[in-house]
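See below for the structure under consideration.
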Amino acid sequence: MNEYDLMDHVMLPNSKELVRQTVSGMLAGAATEIQEAKDKYESRPPPHEAGYQPKDEHYMCLQLVNLCNALVKNFEPSNRPTFFDTTKVTLPSLHADSHSTKPDITATRPGITTMPKSWNEPGLTGELENDLDAMDKATDAGSRGSVQLARSGRNLIMMGRCYSFTLALFQHHNARIVCFDRTGFLVSTVFDWLDGEVLATFLYRLYNPPGHPGCMDGDDFSVSPLSPMAKPFIYAQLCNDGFYASMFSTMETALGKSLRFMAARRRGDKQELVHCITIGKVIYQSDGLFSRATRVYRVVIEEDLEPGSHDAPTVYAMKDSWREASRRAEVDFYDLIKEHCVREGINMDEEGIVQCHGSVDLSEDGFLSPEDAHAQRSRLLQDGPDARRVRHHTRTLITPVGRPLKQFKRTRDLAVAFRDAIYHHQIAYEAGVLHRDVSEGNVMFIENIPDDQPQRGFLLDYDYADVHIGWQRGLRADFPAPG
């Protein structure tokens, strides 16, 4: 895909005249660095002799970094990235089973001016190769290069983004823009970065998404950092619950890196917009790139917190994931189980059965502007042959909050958790639901039971569930197929 077409296809729409004028000014301001880069390229080493391939892929690294910093120097400070040569900088892996990485070129998130030390800080990365086009899948080396690009794209998108970008740079002057989302990736045609115009256009649009100062194109605009001013009040409210007051003994442990998410909660037959405040570290995070990318947070709802109240707020688990269009919404299965429990007189609270309190499809439910909602659906396969592979960004509020089985203190507690999960599986089956994914991560302890009290377990995560055959024969018309 042409590099400008890729930007128009993926990025938020912007005024073409504004982009043209801004890019013209960026190029004028970076004229010296552009010429220095061209001069360095012209004095490059002669072609390699047969059998001798020195590793000089970093020959133009300094010039590229200087050029990029010159292009963005007039951005507002809150929008301005800083480019670094990170060929010798190791960024720790986000997952214990993965290797650390060393991107060749790294641009920070907006407003950051220091060398990145973790994946929270980069906003864009680039990989430099000598002659190799990393998108050349015909060679093993090309495949390895594309894997490195994908690894960086995955790490960037795991920081809560809807999609991410990397740059593939080769032959000292050629480049491609590579965009990743939860379904696939797009690659631009080759352009000459020494010209400066494509690079300037890309950087301007990447770091200046319309209506979102201080953000990047690809960010999830339904999430924001929690205001430091709000933390003392929220922590005081959380401490009305003795269990969580003990679990989080300081405001820093509870709210140090807290985020504020848009979500939805049911009120009767309607859903209302609410804002979820994360408590403590993320409970679970998937590291898959082309996947549901599930993250689970412990949250309280901002709208529930009242000044002067001594009531303990309800603590929920908020599940953030990208559901494939071919799969039925998880909330449907929770509803079937709840309806069955109501009919049969089963007290879900007493039995510890998982309950859904609201679920929102951020791409469809009207809480975001049309432009922002468009980013909440995977874009890179929308025009492909199978729309059922498109992923929708969803958030679901459930109770109870879980604690991993591996944290058991007594063998008896583990046996009780299995017993409870089997019972919950039976209830789900009687409701017409077949779970289909019973595993260690989907059977948990109820979190807010102190260690010195009898533990309870529960079955959760109905992402892969379906209605079983016997139930379908009777009620299929009331429960149409998804997609």
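The values are calculated or read from the model by the stated rules, or taken from the named source; none is laboratory data. Everything numeric in this text was worked out from a predicted model, so none of it was measured. Don't worry about glycine lacking a Cβ; one is built from the backbone with ideal geometry, like all the others, and counts go over all protein chains shown.
So here's what we get for this one:
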{"item": "So MET262, is it in contact (Cβ under 8 Å) with a residue 24 or more places away in the chain, out of contact with any helix residue (DSSP H, G or I) (no Cβ under 9 Å at 6 or more places or on another chain) and either buried (at least 17 other Cβ atoms within 10 Å of the Cβ) or under 23 Å from GLY160 (Cβ atoms) (or both)", "result": "yes"}
{"item": "Near pairs, Cβ below 6 angstrom, 6+ apart or cross-chain, from segment 406-419 (within 8 Å of GLY457 (Cα to Cα)) to any residue that is of a type in the set (Gly, Ala, Ser)", "result": "ALA417/GLY457"}
{"item": "Matching residues, segment 233-276, being part of a loop (DSSP other than H, G, I, E, B) and either closer than 20 Å to ARG295 by Cβ or of a type in the set (Lys, Arg) (or both)", "result": "PHE248, GLY256, LYS257, SER258"}
{"item": "Residue in segment 294-303 that is in a loop (DSSP other than H, G, I, E, B), surrounded by 15 or more Cβ atoms within 10 Å (Cβ to Cβ) and modelled with pLDDT of 95 or more present", "result": "no"}
{"item": "Selection status of THR87, hydroxyl-bearing (Ser, Thr, Tyr) and loosely packed, with under 12 Cβ neighbours inside 10 Å", "result": "no"}
{"item": "Verdict on ALA325 being free of Cβ contacts under 8 Å to residues at least 12 places away in the same chain and closer than 25 Å to GLY288 by Cβ", "result": "no"}
{"item": "Selection within segment 141-158 - among the polar types (S, T, N, Q) and modelled with pLDDT of 90 or more", "result": "SER152, ASN155"}
{"item": "Filter result (among the polar types (S, T, N, Q) and outside any helix (DSSP H, G or I)) within segment 415-472", "result": "SER439, ASN448, GLN453, GLN455"}
{"item": "Every residue from segment 428-450 that is within 19 Å of ARG327 (Cα to Cα) and charged (D, E, K, R)", "result": "ARG436, ASP437"}
{"item": "In segment 250-259, residue nearest to SER321 (Cα to Cα) [restricted to those that are surrounded by 11 or more Cβ atoms within 10 Å (Cβ to Cβ) and without any contact (Cβ under 8 Å) to a residue 40 or more places away in the chain]", "result": "SER258"}
{"item": "The lone exception for GLU351 - which of (1) charged (D, E, K, R); (2) out of contact with any Phe, Trp or Tyr (no Cβ under 8 Å at 6 or more places or on another chain); (3) modelled with pLDDT of 85 or more it fails", "result": "(2)"}
{"item": "Members of segment 180-199 that are within 26 Å of the chain's Cα centre (by Cα) and farther than 11 Å from MET7 by Cα", "result": "PHE180, ASP181, ARG182, THR183, GLY184, PHE185, LEU199"}
{"item": "Filter result (farther than 14 Å from ASN14 by Cβ and in contact with a Gly (Cβ under 9 Å, 6 or more places away or on another chain)) within segment 199-217", "result": "GLY214"}
{"item": "Selection within segment 162-201 - under 19 Å from ILE34 (Cβ atoms), of a type in the set (Gly, Ala, Ser) and outside any strand (DSSP E or B)", "result": "GLY196, ALA200"}
{"item": "Residue list for segment 277-293, restricted to those being part of a strand (DSSP E or B) and of a type in the set (A, V, I, L, M)", "result": "ILE277"}
{"item": "Criterion: in contact with a Lys or Arg (Cβ under 8 Å, 6 or more places away or on another chain) and modelled with pLDDT of 95 or more - qualifying residue of LEU238, LEU289, LEU255, LEU259", "result": "LEU255"}
{"item": "Residue match in segment 45-61 (condition: at pLDDT 95 or above and in a helix (DSSP H, G or I))", "result": "no"}
{"item": "GLY457 being crowded, with 16+ Cβ neighbours inside 10 Å and over 19 Å from VAL331 (Cβ atoms)", "result": "yes"}
{"item": "Condition met for GLU306 (surrounded by fewer than 22 Cβ atoms within 10 Å (Cβ to Cβ) and either under 12 Å from the mean Cα position of the chain (by Cα) or outside any loop (DSSP other than H, G, I, E, B) (or both))", "result": "no"}
{"item": "Residue match in segment 408-415 (condition: among the acidic types (Asp, Glu) and farther than 30 Å from LEU186 by Cα)", "result": "yes"}
{"item": "Meets criteria (modelled with pLDDT of 95 or more, under 25 Å from the mean Cα position of the chain (by Cα) and either outside the structural domain of GLY153 (by TED's automatic domain parsing) or not basic (Lys, Arg) (or both)) for ILE277", "result": "yes"}
{"item": "Selection status of ILE279, over 30 Å from GLY184 (Cβ atoms), crowded, with 20+ Cβ neighbours inside 10 Å and of a type in the set (A, V, I, L, M, F, W, C)", "result": "yes"}
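Yes/no matrix, rows are residues, columns are (1) outside the structural domain of HIS393 (by TED's automatic domain parsing); (2) within 30 Å of ALA30 (Cα to Cα); (3) surrounded by 16 or more Cβ atoms within 10 Å (Cβ to Cβ); (4) modelled with pLDDT of 95 or more:
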{"residue": "ASP97", "(1), (2), (3), (4)": "yes, no, no, no"}
{"residue": "LEU128", "(1), (2), (3), (4)": "yes, yes, yes, no"}
{"residue": "THR139", "(1), (2), (3), (4)": "yes, no, no, no"}
{"residue": "ALA168", "(1), (2), (3), (4)": "yes, yes, yes, no"}
{"residue": "HIS172", "(1), (2), (3), (4)": "yes, yes, yes, no"}
{"residue": "ARG182", "(1), (2), (3), (4)": "yes, no, yes, no"}
